[in-house]
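Here's the structure we're looking at; comments come further down.
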Amino acid sequence: MFRPPFAILIVAAPLIAGAVGVNPYEGDSGAIRVGEALFRSQCAACHGPDAKGISAPDLTALWTSGATDERIYRMIRTGVPESAMPPSGAPDKQLWAIVAYLKNLGAVPAWPHATGDPDRGREVFAVECARCHRMHGNGGRHGPDLSNIAAIRTRETVARAIREPSASVTAGYRAVTLVTSDGARLRGIAKGEDAFSIQIIDANERLRGFRKADLRAVDHERTSAMPEFGPADLSDAVLEDLLEYLHRETATDGSAAPPEPSPSAASE
Amino acid sequence: MSPNGLGTAVALLALTAPIAVELLAQGWQDDVDYPADPGVTYEDLLEGLSVSTQWPTYSGDYTGRRHSPLTQIKPRNVHRLVPQWTFQSGTTARGRGFETNPLVFNGVLYVTGPNNYAWALDARTGRPFWEYRRDLPSDLTYGARAPVNRGFGMLGQRLFMVTLDAHLLAFDRTTGSILWDTVLADYRVGHAATAAPLVIEGKVIVGISGGEYPTRGFVDAYDPETGLRIWRFYTVPSPGERGSETWPDDAQILARGGGATWMTGSYDPELDLIYWGVGNPNPDFYGDSRPGDNLYTSSLIALDAATGTLRWHYQFTPHDLYDWDSAHVPVLADLSIGGKPRKVVMVANRNGFFYVLDRTTGELLLGKPFTETTWAREIGPDGRPIVLNDGSKGCLPDMWGGTNFMPPSYHPALAMLFVTARETCAIYAPQEPEQLTPGAWNIGGVVWVESDQGYGALRAIDVRTGERKWQFRYPTPTIAGVTTTASGLVFAGDNEGNFIAFDARTGKPLWHYQTGAPIWGAGAVTFMLDDRQLVLIPSGSSLTAFALPDD
C-alpha cells in the first residue's frame, strides 16, 4: 500500500501563515455527501473513486496515520510541490466538505469487544487467510495487507468482505487469467495494465509482466480472487473468533490488548 | 564562436545597430556555411506543412488538420521507429499535462511548457539554446489550477506566447528575450491564458481562459510589431447587442457570462475568416440564473479577420449545463456533399456529436453522435439538438465531455477524422452559487463521476456520413491529441502513457512506445531534418523525438 507523503506535507504547511481553524462540517452528513461528489469529480482520477488510490496515494487511512483536519485542508489548498497534486482555488466550504468526506472514510469506530476467542481465530487465520494476506510481516502477498485492518475498516465491513468478497474489490487486487500462446492458463492478480501490456503477481508471488501481443487472451474475473466464506464454510461462531483475532492484532486505538510480538515479526 | 553564437550576437545588435550588424555579418561570412535565418514570413505560415522541414503554427497549418504530407515513416516500416533523444523540461503541470505543440523552423524547435517555461531546442539533439522562465505572481487564479501552455505562434524573428497571468509576450526567437509584454486581462478575477496564438498576416490572434470563474471571454487581435490591440470580440454580448436576447436582461450577468476561448482557432485566408471555439457559460452547472441559449457560449464563431466582427455562429450546446466548452480546433476541408463542392468546417464536439458546417455561412450540413451519449442522438431540422436526457434519465458524459481540447486530425485522402473519444458516466447536481466573488471559482454545483465505468477510444469518422469506420479502445478516458501522415499513419496516445502509431485505414496499432506519463492534450509533430523524418511527442515533463534507424 502507498503511504501518504507526510514528510512533504510538513514542509509545505508552515508556508501558509495564520490559523486555518477547525472543520465546520465535521460529521455533517450533507457536507460529507457534497464532499464525496467533489472528490469523485476532482480527485478520483488519481486517488480512485473510493479514495483507495490509483496513481496517487490511498487516502482512506490518513487520520490513523497521524493527519489532522488542518493539514489535509492545507494540502488540498496548496497542492504538493514537485508532485502531480495541484493546488486548489475552490472555496473554503468545498475544501472542508472534502476533508469531512475523507475523515468520514477513515473514521472507523473502535471495534466492540465480542464473544469470539482470538486464539481460536488465530488458528483460523493461519489456515484460511494467511496464504494470501499478510499481517505484521507474515503471510501471503496476493491480497491486501491486513496489519491495520481494524483501524481502517469497520467490523461490519470486514465481516462482509469475508462473507461476500466480490461485493467490493480493492483496486490492484482483481484476479485475471492470462492464456499464453501455447494455450496455458495463468491466473494471477492484475497489478497494472495498459493497452499493450499487463503486470501481474502470479500464484507463486512472482511479479511478471506480459505483452498482450504474446497472449491469446486476457480474461478479467468479475468476482474477487478470494473465495466466499459462507456460513457453511465458516460458522458465525468461527467468524467471531476470526474477527476477534483481527481486532486484537490490528487495532491501533488501544481498544484491543497489544499484540504479542511473534518471533518472526520481530526478526524483520 | 559557433554559427549559433553568431546568430545571437547578430540578433542582439539588430535591435540597436543595423549598420554594425552588416559589418559583423560580412566579417564572419567566410566561416558560415549556411545562410542567415530568413525569418518566418506570412508565406511560410500559408505553406504550412507543405514545406517538409517546418511546423510553423499550432496545427501545422491554418486548416487545423494536423495532417503531414510526409511519407518516409509508413505503415510497413513504422515498427522500426526508435527514440533519438529526450528533453526533460524540469517542470510539470500538476494534475494536467505537457500540452504544448512544438514549432519547428530551420532545425530549431520552439517549445513552451507548464508554468510558462519556454525553450529553443536543437532539433538534432534536444539540447537547449535558451530557456525562459516567467516570474509569475503568487496569487494566480485559473493559472494556479491548470498551469499549462499549448505553444508558441511565430512570425519574422518573433515568437508569441500567452501566460498564466493573462499576458501576451513577444520573444526574440534567437535569444529568448522579451520584446514586448501586453496585458490581455486581469488574472485576479479568474483569467489565465494558455492557448497557442494564431498568427496571420499582421495579426496575432489570442484567446483567454476563465470560464469557471465569473468572467467574460473574448478573442483578441494584436499587432505583432507593437503588441497593441487591433480588435476584440467579446463572446458574450453587451446589453442590447445581437445575441443579448439569449440572456436575462441584466448587464451584470452578461458581464460574467463565461465563454472562454482557450483553444487555438483556424483560418481561411480566402474568406479571411477566423474560426474559434467558445467555452461554457458561467456558472457551469447552474442555469436558472441565466435562462436562454446564452450565446455565444459552447459555440463556434466565424470572425472577420480584418475587423473582428462576427460573420456567423453555430451553437452546439444551447444553454449548456454540463461545462461542455466548444474548445476545439475547428478543422477546415473541402468536401463534395450531395454532388456539390462545399467549403466546410468540422468539429467533434465535447457534447459527443460530430458536426460538419458550411464555413462560409455556418449552415449545418451534418450532425451525428460519435459517442454513446444519451443526452441527444440527433440534431433537429432547426439545427438544435433534440435533448432526450438532461441528466434526469441516467448518467451523461462527464464535464470533460465526449472529447475535449486535444486536437483531432483529418486525413483528406481518406476523408476521415480521427478523434480521441471519451465514454464516461456522470451525475450532475447543480446548486445555486451563494455569492459571486471576482477571482473565486464559480461552477454552480457538483458532478458525480463514476470513474470505474469510463474508457477512451481513438475513433475514425467518415466525414461524409459521420459513420464510425473503426475504433481502438483505451483502458481509461484519454486526453491525447492526434496527428496523421499522408503515408497512412495515425499517431495518437493514451492515458496510460503509450504513444501509438495506427494504420489509418484499419485502426490496427502498428507501433507503440511507453513514455511513462499520460499523453495529455498534445498531438505529435513531424518534420524532415537531414533527410530523416522526425516525430515528436510531449509526455509528462519530457519531449521525445523518434525516427527510423539511421542505417
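The values are calculated or read from the model by the stated rules, or taken from the named source; none is laboratory data. What you are looking at is a predicted structure, and each value in this text was computed from that prediction instead of being measured. Note: ideal-geometry Cβ built from the backbone for every residue, glycine included; neighbour counts use all protein chains shown.
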> Only one of (1) at pLDDT 80 or above; (2) under 19 Å from the mean Cα position of the chain (by Cα); (3) more than 24 Å from B:E450 (Cα to Cα) fails for A:V80. Which number is that?
Replying inline: (2)
> Of the residues in segment B:244-272, how many are surrounded by 24 or more Cβ atoms within 10 Å (Cβ to Cβ) and not polar (S, T, N, Q)?
Replying inline: 8
> If we only count strands (runs of 3 or more DSSP E) wholly inside segment B:141-192, which ones have 3 or more residues that are within 14 Å of chain A (Cβ to nearest Cβ) and either of a type in the set (G, A, S) or in contact with a helix residue (DSSP H, G or I) (Cβ under 8 Å, 6 or more places away or on another chain) (or both)?
Replying inline: none
> Only one of these conditions is not met by B:W324: (1) touching a residue at least 60 places away in the same chain (Cβ under 8 Å); (2) in contact with a strand residue (DSSP E or B) (Cβ under 9 Å, 6 or more places away or on another chain); (3) farther than 18 Å from B:T63 by Cα. Which number is it?
Replying inline: (2)
> Could you say which residue among B:L70, B:L24 is assigned to a helix (DSSP H, G or I) and either over 30 Å from B:P509 (Cα atoms) or modelled with pLDDT of 55 or more (or both)?
Replying inline: B:L24
> Among the listed residues A:R185, A:R153, which satisfies the condition of being among the charged types (D, E, K, R) and without any contact (Cβ under 8 Å) to a residue 12 or more places away in the chain?
Replying inline: A:R185
>> Tell me the residue from A:A110, A:A37, A:A100 that is assigned to a loop (DSSP other than H, G, I, E, B) and either within 11 Å of chain B (Cβ to nearest Cβ) or of a type outside the set (S, T, Y) (or both), please.
In response: A:A110
> Among the residues of segment A:67-84, how many are under 16 Å from B:T141 (Cα atoms) and in a loop (DSSP other than H, G, I, E, B)?
Replying inline: 1
> What residue, among those in segment B:324-338 that are of a type outside the set (S, T, Y) and crowded, with 24+ Cβ neighbours inside 10 Å, is farthest from B:D268 (Cα to Cα)?
Replying inline: B:W324
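Residue-by-condition table, conditions (1) farther than 23 Å from B:D452 by Cβ; (2) within 14 Å of another protein chain (Cβ to nearest Cβ); (3) not in a loop (DSSP other than H, G, I, E, B):
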residue	(1), (2), (3)
A:G172	no, yes, no
A:V176	no, yes, yes
A:L186	yes, no, yes
A:F229	yes, no, no
> Which one is farthest from the other protein chains (Cβ to nearest Cβ) among residues in segment A:190-219 that are surrounded by 15 or more Cβ atoms within 10 Å (Cβ to Cβ) and not in a strand (DSSP E or B)?
Replying inline: A:K212
>> Name the single residue that is surrounded by the fewest Cβ atoms within 10 Å (Cβ to Cβ) among those in segment B:46-96 being of a type in the set (S, T, Y) and farther than 30 Å from A:P86 by Cβ.
In response: B:S50
> Can you tell me which residues in segment A:133-143 are closer than 17 Å to A:N204 by Cα and buried (at least 19 other Cβ atoms within 10 Å of the Cβ)?
Replying inline: A:H133, A:G139, A:H142, A:G143
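In the set B:A501, B:A492, B:A480, B:A524, which member is within 14 Å of chain A (Cβ to nearest Cβ), aliphatic (A, V, I, L, M), more than 23 Å from B:Y355 (Cα to Cα) and surrounded by 19 or more Cβ atoms within 10 Å (Cβ to Cβ)? Quick ask: steps written out before the conclusion?
Working: B:A492 fails: more than 23 Å from B:Y355 (Cα to Cα); B:A480 fails: more than 23 Å from B:Y355 (Cα to Cα); B:A524 fails: within 14 Å of chain A (Cβ to nearest Cβ).
Sole residue among the options that is within 14 Å of chain A (Cβ to nearest Cβ), aliphatic (A, V, I, L, M), more than 23 Å from B:Y355 (Cα to Cα) and surrounded by 19 or more Cβ atoms within 10 Å (Cβ to Cβ): B:A501.
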>> Among the residues of segment B:113-134, are any within 14 Å of chain A (Cβ to nearest Cβ) and out of contact with any Ser or Thr (no Cβ under 7 Å at 6 or more places or on another chain)?
In response: no
>> Of the conditions (1) part of a strand (DSSP E or B); (2) among the β-branched types (V, I, T); (3) within 14 Å of chain A (Cβ to nearest Cβ), B:T92 satisfies every one except a single condition; which number is it?
In response: (1)
>> Restricting to segment A:40-56, name every residue that is more than 10 Å from every other protein chain (Cβ to nearest Cβ) and modelled with pLDDT under 85.
In response: A:K52, A:G53
> Out of segment B:334-353, which residues are modelled with pLDDT of 95 or more and in contact with a Leu (Cβ under 7 Å, 6 or more places away or on another chain)?
Replying inline: B:R342, B:V344, B:V345, B:M346, B:V347, B:A348
> Does B:L136 satisfy being among the aliphatic types (A, V, I, L, M) and assigned to a loop (DSSP other than H, G, I, E, B)?
Replying inline: yes
>> When the residues of segment A:59-97 are narrowed to those that are within 14 Å of chain B (Cβ to nearest Cβ) and of a type in the set (S, T, N, Q), which ends up nearest to B:G97 (Cα to Cα)?
In response: A:S83
> Considering A:A31, A:A84, A:A100, A:A51, which residue is touching a Gly at 6+ places or on another chain (Cβ under 8 Å) and crowded, with 21+ Cβ neighbours inside 10 Å?
Replying inline: A:A100
> Given the conditions (1) of a type in the set (V, I, T); (2) more than 9 Å from chain A (Cβ to nearest Cβ); (3) outside any strand (DSSP E or B), which single one is not true for B:I461?
Replying inline: (3)
> Which one of B:V447, B:V490 is in contact with a helix residue (DSSP H, G or I) (Cβ under 7 Å, 6 or more places away or on another chain), under 21 Å from B:G521 (Cβ atoms) and either in a strand (DSSP E or B) or touching a residue at least 40 places away in the same chain (Cβ under 8 Å) (or both)?
Replying inline: B:V447
>> So in segment B:464-477, with the set limited to residues that are within 14 Å of chain A (Cβ to nearest Cβ) and either under 21 Å from B:V347 (Cβ atoms) or touching a helix residue (DSSP H, G or I) at 6+ places or on another chain (Cβ under 7 Å) (or both), which one is surrounded by the fewest Cβ atoms within 10 Å (Cβ to Cβ)?
In response: B:Q471
